[in-house]
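Here the structure is laid out as structure tokens; the discussion comes afterwards.
The values are calculated or read from the model by the stated rules, or taken from the named source; none is laboratory data. The shown structure was predicted, so the numbers you read here are calculated from the model rather than taken from an experiment. Reconstructed Cβ throughout: ideal geometry from the backbone, glycine too, with neighbour counts over all protein chains shown. For accessibility, only protein heavy atoms count, side chains too; no ligands or nucleic acids. Shrake-Rupley method; radii C 1.70, N 1.55, O 1.52, S 1.80 Å.
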Amino acid sequence: MAASSPLPRALIQNQGHGQESDFSTNSFWRPKGDKNLQTRKYFGIQSVKIPSLQSVDCGKNNNVLEEAEKSEVEACSAVKDELFVRFFREAWPYFLAHRGSTFVVVVSAEIVDSPHLDHILKDISLLHGLGIKFVLVPGTHVQIDKLLAESGSEPKYVGSYRVTDPDSLRAATDAAGRIRILIEAKLSPGPSLSGVRRHGDNSRWHNGVCVASGNFLAAKRRGVVEGVDYASTGEVKKIDVDRMREKLDQDCIVILSNLGYSSSGEVLNCNTYEVATACASALGAEKLICIIDGPILDESGRLIRFLSLQDADVLIRKRAQQSETAAKYVKAVAEEDCPSVAYENSDYSFPFPKGNAFIPTPKFQNGVGFDIGSGFWSSEQGFAIGGQERLSRLNGYLSELAAAAFVCRSGVERVHLLDGTVGGVLLKELFQRDGVGTMVASDLYEGMRMARITDLEGIKQLLLPLEESGVLIRRTREELLEALDSFTVMEREGHIIACAALFPFFEDKCGEVAAIAVSPECRGQGQGDKLLDYIEKKASSLGLQMLFLLTTRTADWFVRRGFLECSIESIPEPRRNRIDISRRSKYYMKNIRPDTSGIPLNGSVT
């Protein structure tokens, strides 16, 4: 998606010829080689009938050529308009979901020092106009190191922190000031006025985005740690949440510098990621977005699109012996707080481990740290990443992944790790279902796993009220036991709170969704949606392309989730032959997308 426009660029392939045209305002689709009038469909959009240019005798009638070109322009414009409308309709749920939310965005120093910053800030300005509240935390280490090099000084890092001597502090304050002014300047113009004058009074469009900065960050000296004097390096002490929210409520974008201020009036140079993670936790932000300079890839070089907190925790802990950042994460979240450390040698199902070992979320208190649930407090305010390990990228983006897991533990439900070199990455991530980055989530699929025999009674208790009311068909204990491998359950504190079944028909490349049930005390909390989403991803991982279901009472719920009514002939024959016609069920189907989530089907995460 282009950063300057909500309309994505689309590659339209000429059917039968294998030709592709880059579709934009300055490039039009031109069909070639057609002898007759054509009617084509692209993305479900029917184009107008136009003659091929090659069938026009230009020597006899130049007007015919002009009319053909005019028809092509009109056809292209029609496709463009339809794509524009389709985008807004598909993005509508995301507009509603994100409006009024608070996103903390940390922009890595590598991106701040690149041409990509301009496009990212334009998209942030656009999203701010749609009602999203932003706190921007720009990185500075690249700029600080450049200023030190210009003055003939060498940067010094120990662990994740910079040793901030007087030269480094001068460079840090200089870099922070320059970056703040740069961001303010980039956000000041506001949107272009050329296209809005015709719609009436546009006086409000003359103003750019309001930007606020200030002494929102209270810090303390890191001091001397293991014999190393960190001088003017600071650690986060507290985030001024009240004043920051006041500015956000006044429709301002807040810039939170990594320069903190001590109780004695000193300026201290803090770690950017420690500031951003502490800020997201203190504000209770809906999302932390980390814009970095590359993608998060697995060992096969494929983009990891989704990780649960449990899966991210496993990945990080596996590197604890070979990575200082991973070891720091284990220490920061407290070993005793995470029974999932035993996952490494356990068996996995799709996609989570068996057993009741799920990660509890510590309670974060701004200025205090984390109540880790064991009667002790951790003083960690945020997760600092940096130093030579991160600069060398010996462990890829493990540092950012550890920061994401740390923040998810503090109560922020979603963290997005985005490659800032991808054009329009924020728009593509936030307004498309699968996105283009890596999401770490603490709530999605929490406590979900394949059913086992000890769950039989819990599943039976969930289904019984629905069977008695006629919503579901009755299943005997023996029938449930036989179908148990097809069930997925959601567990909370040792109790089964929801279940669903997927019965695949591989020859027809489709699967039946059945027996979706949520315990009464958990209804209305989105558990059914999580189960259905999980089932869809599982079906896609199995190579299925469609899902179908039979229902008598819950059609509306499934229609809102993309299912369309179909005839009984659409049901696979083996299942059709077993349908009880007397129930007069309605039949619904849904196309499912290929799995690109990065969630493993079986086996441990790699």
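How high is the FRET efficiency from ARG584 to ARG302, r the C-beta distance, R0 51 Å, rounded to 0.05?
Efficiency at R0 = 51 Å is approximately 0.65.
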State the extension gain, in nm to one decimal, for the chain segment bounded by TYR157 and TRP557, taking 0.36 nm per residue of separation less the distance between their alpha-carbons. 138.5 nm
Using the Cα atoms as the points, what is the convex hull volume per residue of region 446-591 in Å³? 112 Å³
Placing +1 on the Cβ of each Lys and Arg and -1 on the Cβ of each Asp and Glu in region 446-591, which of THR476, PHE505, PHE548 has its Cα farthest towards the positive end of the resulting dipole? PHE548
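Expected output is a single nm value to one decimal: the length gained when fully extending between LYS70 and LEU391, i.e. 0.36 nm times separation in residues minus the C-alpha distance. What is it? Walk me through the numbers on the way to the answer.
On the way: separation 321, 0.36 × 321 = 115.56 nm, distance 5.49 nm.
Going from the current span to full extension adds 110.1 nm.
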With an 8 Å Cα cut-off and a minimum separation of 6 or more residues, compute the relative contact order for region 446-591 in percent. 20 percent
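Using the eigenvalues of the Cα gyration tensor, what equivalent ellipsoid semi-axes result for region 385-467 when each is taken as the square root of five times the eigenvalue, whole Å, largest first?
Numbers: eigenvalues 278, 67, 22 Å².
In descending order the semi-axes read 37, 18, 11 Å.
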What aspartates and glutamates could a cross-link reach from LYS80, if we take a straight Cα to Cα line under 15 Å and drop same-chain neighbours fewer than 8 places away? ASP22, GLU72
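For region 446-591, give the magnitude of the charge dipole about the Cα centre (Cβ charges: +1 Lys/Arg, -1 Asp/Glu; no others), in debye to the nearest 20. Intermediate values should be presented prior to the final figure.
Values: 22 positive and 23 negative charges, 59 e Å.
Using only the charged Cβ atoms, the result is roughly 280 debye.
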Stretched fully, the stretch from GLU226 through LEU96 gains (0.36 nm per residue minus C-alpha distance, one decimal, in nm) 41.8 nm
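Using a 1.4 Å probe over the heavy atoms of the protein chains, calculate the carbon and sulfur portion of the accessible area of region 446-591 as a whole percent.
On the way: 3700 of 7630 Å².
Within region 446-591, the accessible surface is 48 percent carbon and sulfur.
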Along the three principal axes, how long is region 226-323 when you take its alpha carbons, biggest first, rounded to the nearest angstrom? 49, 45, 24
